[in-house]
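The values are calculated or read from the model by the stated rules, or taken from the named source; none is laboratory data. Model, not experiment: these values are computed from the prediction. With ideal geometry, Cβ positions are generated from the backbone for all residues, glycine too; neighbour counts draw on all protein chains shown.
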Amino acid sequence: MACTSQSALNYVKHAKPHLISGLKNLSVILENLKQKKVLGKEEVSNIKAEKTDEDKIRTTLISVIKKGEAACYELLKIIDMTRKRTLEKPLLSPEENSDDDTETNKFDLHHWISCFSFKEDTQVDTNYLQGPRSCHRYQEKLKSKAKKISNDFWAASKKWFEGNKRPDLSYTSLVLDTEESVCPSKIKKIKKRKSKLSRPKKLRTYIPEEKPDISPSELLKTDRNILLVGKPGIGKTALTHEMLRLWAEGESKELDYMFYFDMRETAHIANAKNLEELLFSFSCGPGEGKDEVLQDIESHSDNVTIIFDGLTDLSSPVVEKLLNKDLLPLAKIIITCRPDDEDTKLFSGNFYRVEVKGFSEQTIKTYLSATLGEDQTKVLSSVELVTLCHVPMYALMMAVCFSSKHAPQPCTITEIYINIVRYCLQINSRTKNQKLNSFIKTKTEEILSLAEAAFLATQQKTVNLTDLTCEDSCVLSFLKPLLIKVAPTETIATYAFLHYTVQEFFAALWILKNPDKIRDVFQQCLTEEKKHLKHLIPFMCRLLNEKSPSLMKHLIPDQDLKNTSNWFFKELINTFLPHLCEQEEADAEDILFLCQCLYESQSPEACIYLLDKLEYHLDLSGETLDPYPCCAVAYVVTQSKERKIRLNLEDVMISEQGMRQLFGCFKNVQW
């Protein structure tokens, strides 16, 4: 090995025989020598005219050596900066080779170039071509497209916000879990433990715990194939778009390629006949030098990353060959899929499995602060709403609803769920906003089938939808699959909603479709065993309201809803007030519950009926009132136009936000 104190000229001379036999991709070296003005255009043409590769390399080295020390130094810098493409792969260390391996005696050009002492230069020129110019131009084209894809993704979310309330949306940290998926027996134990918790604690278990931080940039750096698994709306696509952005905006001078395929939008991808058609027709074509670019991609597949977002099957032969490494064997493949689409036979062992679990509690607060500002307290004060926000898709609609001028202010909770359901149906069906109502009508049977399964599960105090008959993928986007071990040799597959309150929402929807069940449900709410059904009633109250956004009128005939509404609220009040009167003193918690129901209904007539029954006396003494109950109480009190109300707030714990909600109703209060 040459001494590192040698001049560049001597260093090249001594290694000349090894360079002649070991250099590859001479065209890259020639392009850089021409760009650095070491060789002229005519000299490069003459070199390319040589018959064999060895002759071309020999002629190049002779020409550079003749030009002296500076030219040789530049050649060494070019080889050093492009070594990944111009030198054979590094040899194994002697320890990793067997003693009799002849390869250990082969001259290692990687070690040779690393031993040369380059001058320390504070302004190092890293602008070296790593491949043909057409490949570099294509890389820039792919990066421009990647930036556009990422920007369009966040712009689509931003459009849901109105006017100057549009926040600057970007990637928000997600909980990423690299541990193996939970075994079915452990799931069963967790479910049993959950069932013993109080409702607030049970709902908080939906929020994932913080994990050791894994960033999108770290996932981008790993050479392993990656399988991103997660529930619908949990953030898988957002994660891939962040990886796209990081690659597109990165300062690396490496000649690499990243392709993104949204498998939900490119169903016709299955028609791709070969790799060229897949990459250049279904993603982004190079425009010029197509053959040169394709050859570079195939020859240096370790510089290729391909994202298949939303992969559900292998109907595309080309995609299957990529996964099996029959095409681009060294390419990095990133796949996103839902748990029920995860093919363990295909992915196990070859893929780094990362489960996307959504927002942690701290991230929820960060997200709401960025999108709602001070209004975040409206969400954070409700355990139902804040835990719902662990699903980024739900958090987005939460922020949109609370920031909207067109929604009732403050927004009713059920309205948020209506918007979440409509948004999920729109996103998963790829339906335009103006055609969404028509789409919902076509899915009436499937939605009501899901609603029935939700009601039966809620009635049985379980999250397992064992009676689910719906198979529509769009409607099933509200669910996650579960594996339950029922015997040592038997495991059954079932489904559960992404959040228990969404299950309650759908259960309420089914009851309204079957109004003959309503009175029975009211009575069950009064029993200790079925009192949990009480949480369905506020949803029912708002779903009977004809105001937009509407969901029910597209599922149930208008007249049927009106017929139910005519007697529903009186039946509700008459069912619960006698229950209150049986106690020595009316329970303030139950009064607040009725106020919440009527607030959700936005029915002035029902409010007056309740106030008459209570003789215009609301005793809330000793209670702790969050902002939402304050909204409900304020709404009921303001409906009394003719008569003052006695409102007892003695020893009430109330926040500043809550007091602001109540101020407007005090003109109707008799002090």
- Message: Looking at Pro212, Pro167, can you tell me which residue is modelled with pLDDT of 80 or more and either in contact with a Gly (Cβ under 8 Å, 6 or more places away or on another chain) or within 30 Å of Ser382 (Cα to Cα) (or both)?
- Response: Pro167
- Report, by residue number, each residue of the stretch 459-489 that is of a type in the set (A, V, I, L, M, F, W, C), in contact (Cβ under 8 Å) with a residue 12 or more places away in the chain and either part of a strand (DSSP E or B) or in contact with a Gly (Cβ under 7 Å, 6 or more places away or on another chain) (or both). Leu479, Leu482, Leu483, Ile484
- Query: Between residues in the stretch 57-71 that are under 19 Å from Ser117 (Cβ atoms) and in contact (Cβ under 8 Å) with a residue 12 or more places away in the chain and residues that are among the polar types (S, T, N, Q) and not in a helix (DSSP H, G or I), which pairs lie under 9 Å by C-beta distance while being six or more apart or on different chains?
  - Reply: Glu69/Ser7
- Query: If you go through the stretch 369-381 one residue at a time, how many are crowded, with 20+ Cβ neighbours inside 10 Å and either of a type in the set (Ser, Thr, Tyr) or free of Cβ contacts under 8 Å to residues at least 12 places away in the same chain (or both)?
  - Reply: 2
- Query: Conditions: (1) small (Gly, Ala, Ser); (2) within 19 Å of Thr312 (Cα to Cα); (3) assigned to a helix (DSSP H, G or I). Ala248 meets all but one. Number of the miss?
  - Reply: (2)
- Does Asp223 qualify as being among the acidic types (Asp, Glu), surrounded by 14 or more Cβ atoms within 10 Å (Cβ to Cβ), modelled with pLDDT of 85 or more and over 19 Å from Leu385 (Cβ atoms)? no
- Note on the structure: Among (1) closer than 28 Å to Ile518 by Cα; (2) touching a residue at least 24 places away in the same chain (Cβ under 8 Å), Leu456 falls short only on (2)
- Would you mind listing the strands (runs of 3 or more DSSP E) fully within the stretch 277-357 where at least 1 residues are at pLDDT below 90, assigned by TED's automatic domain parsing to the domain that holds Met243 and under 20 Å from the mean Cα position of the chain (by Cα)? 351-356
- Task: Please enumerate the residues belonging to the stretch 421-442 that are farther than 13 Å from His554 by Cα and more than 18 Å from the chain's Cα centre (by Cα).
- Result: Thr431, Lys432, Asn433, Gln434
- Quick one: is Ile511 in contact (Cβ under 8 Å) with a residue 60 or more places away in the chain and either over 26 Å from Asp262 (Cα atoms) or not hydroxyl-bearing (Ser, Thr, Tyr) (or both)? no
- Message: It is to be established whether one or more residues within the stretch 240-260 are within 23 Å of the chain's Cα centre (by Cα), among the charged types (D, E, K, R) and buried (at least 17 other Cβ atoms within 10 Å of the Cβ).
- Response: yes
- Filter pass, Arg660 being basic (Lys, Arg) and in a loop (DSSP other than H, G, I, E, B): no
- Of all residues in the stretch 498-547, how many are among the charged types (D, E, K, R) and not in a helix (DSSP H, G or I)? 5
- Query: How do the pairs read when you match residues in the stretch 608-624 that are over 13 Å from Lys570 (Cα atoms) with residues anywhere that are polar (S, T, N, Q), using Cβ under 6 Å and keeping only pairs 6 or more apart or on different chains?
  - Reply: Asp619/Asn648; Ser621/Asn648
